[in-house]
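Written out below as structure tokens is the structure these notes cover.
The values are calculated or read from the model by the stated rules, or taken from the named source; none is laboratory data. This is a predicted model, so every value here is computed, not measured. No Cβ is skipped: glycine too gets one built from the backbone with ideal geometry, and neighbour counts run over all protein chains shown.
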Amino acid sequence: MTRRRAYTGIATWLALCAAAAAQAPQPKFAVLARIGHSSAGLVQGLNGLLYSTTIGAGREGGIPGNVFEITTGGNLTKVHAVGGLSYTGLLLATDGNFYGTTFKGGEHLGGTIFRLTPSGEMTNLYSFCAQANCYDGASPRGALIQGTDGNLYGTTTVGGPECTEYAYECGTVFKITLGGEITTLYTFCLQAGCLDGEGPQGAIVQASDGNFYGTTDGFGAGGGGTIYRLTPTGALTVLYNFWADDDYGPSGGLAEGPDGALYGAAYPTVFKITLDGTFQVVATLCPGPRCGSAYAPPVPATDGYLYGTIAGGGKNGEGTIYRITTSGDLTVLHSFCSLPNCKDGAEPMGPILQATDGNLYGTTYGEGDEGDGGVVYKLSLDLAPFVTPVPAFGSSGQQVSILGNNLTGATAVSFNGTPAASFTVNSTGSAITATVPGGAASGSIQVTLANGTTLTSNVQFQVLE
């Protein structure tokens with residue numbers, strides 16, 4: 001199978017995004033609910049609710065975390081205890097189920113990969129450290145992604161086959177089927193001196209060229225971590241080395257920006273790197289002694305900006321939400337701990353989600369002086385609603401889900417202008433199941449509502465051949 005992605009109209013799209021960004025409204029911040037400690041981002045489900053995980057009692061505490069669901073209006077419901085410390089949040093996969101990891105716990109105490117149905121049925125797909133010396137890896141900390149082949153991909157921070165010289169300190173990239181069959185694609189620190197890096201902690205991303213990209217937290221030629229490219233067959237290339245004496249290194253994964261470059265956070269900067277390895281520091285997040293660390297990359301929104309968080313610094317020293325352009329113009333939108341007793345939260349660690357209502361949502365690890373836990377927050381920027389496909393790829397004849405709001409009565413669905421072969425709206429009006437039509441090209445998905453309004457997808461749908 002070959003992959004192709006059409007970028008028809010991309011220049012026009014970027015120009016529209018830039019125009020929208022120039023007229024960006026003032027943000028409105030609100031706390032939706034108080035939760036336990038969370039370092040994870042949120043994900044939108046087929047029912048329109050938002051889902052994520054809490055870590056448990058303390059960053060390294062022994063009380064397991066939970067999966068929770070929350071409405072965009074703030075009605076919070078605990079779904080399931082995950083049986084371990086979960087740092088990563090959830091992935092909504094093509095089968096309609098959620099998948100996630102725990103850092104500890106499981107049969108062999110090396111962490112797990114689990115599946116959770118929307119009704120709350122939990123299944124443990126895999127327990128790490130099942131092989132001697134944890135050759136299968138252990139302690140996953142980065143979120144899972146679903147590749148264009150339908151399999152799930154992720155990283156472990158330690159372990160891996162052939163990891164002998166630096167036993168338990170290597171880390172892996174793995175692939176696992178939805179049925180639970182796992183394969184180690186790559187083990188770090190195999191090269192002399194660990195020139196390929198070690199200890200990946202952030203999520204990987206599959207870019208438009210079909211390869212996977214990610215970061216390691218340590219080693220490499222400069223001793224401060226690396227940015228790497230990994231082919232689907234497991235061939236690794238180091239694209240960039242961070243230097244330990246530069247006082248910054250990659251602390252999270254990568255996200256693909258509207259310009260096709262990959263963006264990440266490295267204390268205390270935002271950087272971008274092209275797929276061929278051209279690296280650039282885009283902006284400094286918080287100059288001065290009260291800076292914190294950014295644990296997640298900035299992610300693109302429909303206004304052409306990228307949005308991210310930093311767990312420290314800002315007006316009150318407890319972290320910020322920032323907005324940045326691809327050229328590096330940075331604006332702080334909210335400084336946490338602005339309310340009495342830090343009731344608006346503190347230490348945001350997870351990535352931001354733009355839900356299909358146009359608003360931004362996230363979590364914090366801390367609640368400042370108010371209590372032992374974090375919050376779920378919403379940041380409103382008056383951005384228009386949109387739709388988003390799950391997955392953002394598919395072949396002719398394949399069914400995909402299209403998330404949105406108030407979709408009941410939709411009259412048309414098209415893939416880059418080609419009408420869908422068939423589609424149905426679910427009972428909550430929050431998702432459409434559509435069949436990819438024959439002859440469709442990669443591009444935006446459009447949904448026409450009963451009132452005549454057309455919603456466009458926030459990402460380009462990739463037609464696989």
Does segment 315-336 contain any residue that is surrounded by fewer than 17 Cβ atoms within 10 Å (Cβ to Cβ), in contact with a Cys (Cβ under 9 Å, 6 or more places away or on another chain) and either β-branched (Val, Ile, Thr) or within 30 Å of Val390 (Cα to Cα) (or both)? yes
Just checking, does segment 197-205 include any residue being of a type in the set (S, T, N, Q), touching a residue at least 60 places away in the same chain (Cβ under 8 Å), crowded, with 19+ Cβ neighbours inside 10 Å and not assigned by TED's automatic domain parsing to the domain that holds Ser457? yes
If only one of Gly394, Gly362 is crowded, with 17+ Cβ neighbours inside 10 Å, in a strand (DSSP E or B) and more than 18 Å from the chain's Cα centre (by Cα), which one is it? Gly394
Return the pair list, or none, for Cβ contacts closer than 7 Å from residues in segment 335-347 that are of a type in the set (D, E, K, R) to residues that are modelled with pLDDT of 95 or more and surrounded by fewer than 17 Cβ atoms within 10 Å (Cβ to Cβ), at least 6 apart or on different chains. Lys343/Val31; Asp344/Val31
Of the conditions (1) surrounded by 22 or more Cβ atoms within 10 Å (Cβ to Cβ); (2) more than 26 Å from Cys342 (Cβ to Cβ), the single one that Thr231 does not satisfy is (1)
Residues located in segment 319-335, provided they are over 16 Å from Gln354 (Cβ atoms), among the β-branched types (Val, Ile, Thr) and in a strand (DSSP E or B): Thr320, Thr331, Val332
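Yes/no per residue for (1) outside any strand (DSSP E or B); (2) in contact with a helix residue (DSSP H, G or I) (Cβ under 8 Å, 6 or more places away or on another chain); (3) at pLDDT below 95; (4) buried (at least 19 other Cβ atoms within 10 Å of the Cβ):
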site: Thr237; (1), (2), (3), (4): no, no, no, no
site: Lys272; (1), (2), (3), (4): no, no, no, yes
site: Arg290; (1), (2), (3), (4): yes, no, yes, no
site: Gly308; (1), (2), (3), (4): no, no, no, yes
Selection within segment 365-391 - over 30 Å from Gly36 (Cβ atoms) and in a strand (DSSP E or B): Val387, Pro389
Of the residues Thr424, Thr433, Thr456, which is free of Cβ contacts under 8 Å to residues at least 24 places away in the same chain, assigned to a strand (DSSP E or B) and in contact with a strand residue (DSSP E or B) (Cβ under 6 Å, 6 or more places away or on another chain)? Thr424
In this structure, does Val31 turn out to be at pLDDT 95 or above, surrounded by 13 or more Cβ atoms within 10 Å (Cβ to Cβ) and not in a loop (DSSP other than H, G, I, E, B)? yes
Val299 is checked against (1) under 18 Å from Ser38 (Cα atoms); (2) out of contact with any Asp or Glu (no Cβ under 7 Å at 6 or more places or on another chain); (3) surrounded by fewer than 24 Cβ atoms within 10 Å (Cβ to Cβ) and fails just one. What number does that condition carry? (1)
Meets criteria (more than 28 Å from Thr123 (Cβ to Cβ), modelled with pLDDT under 90 and of a type in the set (A, V, I, L, M)) for Ala18: yes
Restricted to segment 100-145 and to residues being surrounded by 24 or more Cβ atoms within 10 Å (Cβ to Cβ) and hydroxyl-bearing (Ser, Thr, Tyr), the residue nearest to Gly171 (Cα to Cα) is Ser139
Scanning for something closer than 25 Å to Gly150 by Cβ and modelled with pLDDT under 95, does segment 88-100 turn up at least one residue? yes
